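Heads up, the thing below is written out as structure tokens.
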Amino acid sequence: MKRPIVLLTGGGTAGHVSVNEALIPVFQERGYEVHYIGSHDGIEKELIGNRFPEVTYHAIQSGKLRRYFSMKNFTDPFRVGVGLLQAKSIIRKLKPELIFSKGGFVSVPVALAGQLSKVPVVVHESDVTPGLANKLAVPFATHVFTVFEKTLNYVPEVKATCSGAVIRPELFTGNQEKGLSYVGFNGKKPVIMIMGGSQGSKLVNDAVRKELKTITEVFDVIHLCGKGHLDETLSSHASYKQFEYVTTELPDLLAAADFAVSRAGSNAIFELLALEKPMLLIPLSAAQSRGDQILNANFFKSLGLANVIEEESLEQTSLASEVLQLKKDELTLRGQMAANEKPKTPEEMVSLILSFQK
């Protein structure tokens, strides 16, 4: 008997893929054949392909609406049109029970194709205010799930529910000793993990390395600096281990970390919250984004769940003094985190999603 099919989409950044990574095993356990629509060269292709070789990946054309001048702004609408035709062809062939969209511009033609094909489309929005891709996709959605209660003010009330965050279960399986062994730390100093997002951040990288001597007097540092951002002159530093990015080692490294410095993407900060890691957030500036990370960071700060430093002030502020303050605030932050509502399990989220299947 042919298994029912569920079609997932989302890409552009790791944040648009991580929830799908958490849900795929649950869909499979429940007897569904999982297919994924992403872009030809987005990070989603590598992440899904490496972790789930049994999931069929379908690459389509996709465009992007940029906040700056680019000649691609004139050609990308045509790519979206091609992507729509490709997505519609894939959907017609697969006949999925449901489409689940995590966002990113590759998801827009998929959501539209789903509506045109009369397949239920469920959209998930992680940020306080919907991103542009999800704004475009929401009119084609059967239902919208949000992480933040406040987000319900920005989507149609009749087809939206606040479901809370979804956390990858493997993050809870990390082993502290394995993590310390992987980076060669002896555990005598607290460990701080510094992450600049899936693409890395030159500004954050420079701030860390500028004050590395002061920071490593107190902390051992695990630095995820982004592809192409390694500093080979620091490769032998005993208290500083840098990686472009990590995959299977991440749970162990998080288990080894006592503190975190991070961008303020929704998935990342809710994962750190679930693991109860006191965090210093450096949200992407409004000049480089639509300001969603600033809203996320300030929301966490208002609840006493994180310290925040604005990117614009990073060059004038001592990062070392900020991470030392984070250490001083450890007990207060941990107390607030422990009292916070726990995130949805992937099993609970899949049940909510499947309630909208055909």
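Before we move on, is Gly228 small (Gly, Ala, Ser) and either closer than 25 Å to Thr173 by Cβ or outside the structural domain of Leu324 (by TED's automatic domain parsing) (or both)? Answer is no for this residue. Taken over the range 18-35, the criterion of being charged (D, E, K, R) and over 20 Å from the mean Cα position of the chain (by Cα) is satisfied by Glu29, Arg30, Glu33.
Per the listing Ile294, Ile222, Ile269, the residue uniquely touching a residue at least 24 places away in the same chain (Cβ under 8 Å) and farther than 26 Å from Glu46 by Cα is Ile294. Assessment of the range 133-149 against the conditions (part of a helix (DSSP H, G or I), outside the structural domain of Phe300 (by TED's automatic domain parsing), in contact (Cβ under 8 Å) with a residue 12 or more places away in the chain and not hydrophobic (A, V, I, L, M, F, W, C)) yields at least one matching residue. Selection within the range 143-168: residues that are within 18 Å of the chain's Cα centre (by Cα) and of a type in the set (Phe, Trp, Tyr). The member of this set that is surrounded by the fewest Cβ atoms within 10 Å (Cβ to Cβ) is Phe148. A Cβ distance below 6 Å, combined with a sequence gap of six or more or placement on separate chains, defines the contacts here; from the range 325-348, residues that are among the acidic types (Asp, Glu) reach residues that are part of a helix (DSSP H, G or I) in the pairs Glu347/Val26.
Looking across the range 305-324 at every residue that is β-branched (Val, Ile, Thr) and crowded, with 18+ Cβ neighbours inside 10 Å, the one that is nearest to Val147 (Cα to Cα) is identified as Val308.
Checked against (1) surrounded by 22 or more Cβ atoms within 10 Å (Cβ to Cβ); (2) part of a helix (DSSP H, G or I), Lys327 passes all but condition (1). What are the residues in the range 278-304 that are modelled with pLDDT of 95 or more, surrounded by fewer than 22 Cβ atoms within 10 Å (Cβ to Cβ) and part of a loop (DSSP other than H, G, I, E, B), if any? Answer for the range 278-304, where residues must be modelled with pLDDT of 95 or more, surrounded by fewer than 22 Cβ atoms within 10 Å (Cβ to Cβ) and part of a loop (DSSP other than H, G, I, E, B): just Gly304. Inclusion of Gly38 among residues that are at pLDDT below 95, in a strand (DSSP E or B), closer than 14 Å to Val110 by Cβ and within 16 Å of the chain's Cα centre (by Cα) is warranted. Would the range 169-186 turn up any residue that is surrounded by 15 or more Cβ atoms within 10 Å (Cβ to Cβ), in a loop (DSSP other than H, G, I, E, B) and without any contact (Cβ under 8 Å) to a residue 40 or more places away in the chain? Within the range 169-186, not a single residue is surrounded by 15 or more Cβ atoms within 10 Å (Cβ to Cβ), in a loop (DSSP other than H, G, I, E, B) and without any contact (Cβ under 8 Å) to a residue 40 or more places away in the chain. Taking the numbered list (1) over 19 Å from His124 (Cβ atoms); (2) touching a His at 6+ places or on another chain (Cβ under 9 Å) in turn, Met349 passes all entries but (1). Checked against the criterion of being over 19 Å from the mean Cα position of the chain (by Cα), at pLDDT 90 or above, not polar (S, T, N, Q) and not assigned by TED's automatic domain parsing to the domain that holds Lys95, the range 195-206 has at least one qualifying residue. Is at least one residue of the range 20-27 within 20 Å of Gly226 (Cβ to Cβ) and at pLDDT below 95? Yes, the range 20-27 contains a residue that is within 20 Å of Gly226 (Cβ to Cβ) and at pLDDT below 95.
The values are calculated or read from the model by the stated rules, or taken from the named source; none is laboratory data. These numbers were taken from a predicted model, which means no experiment stands behind them. Cβ coordinates were reconstructed from backbone atoms using ideal geometry, including for glycine residues, and neighbour counts include every protein chain displayed.
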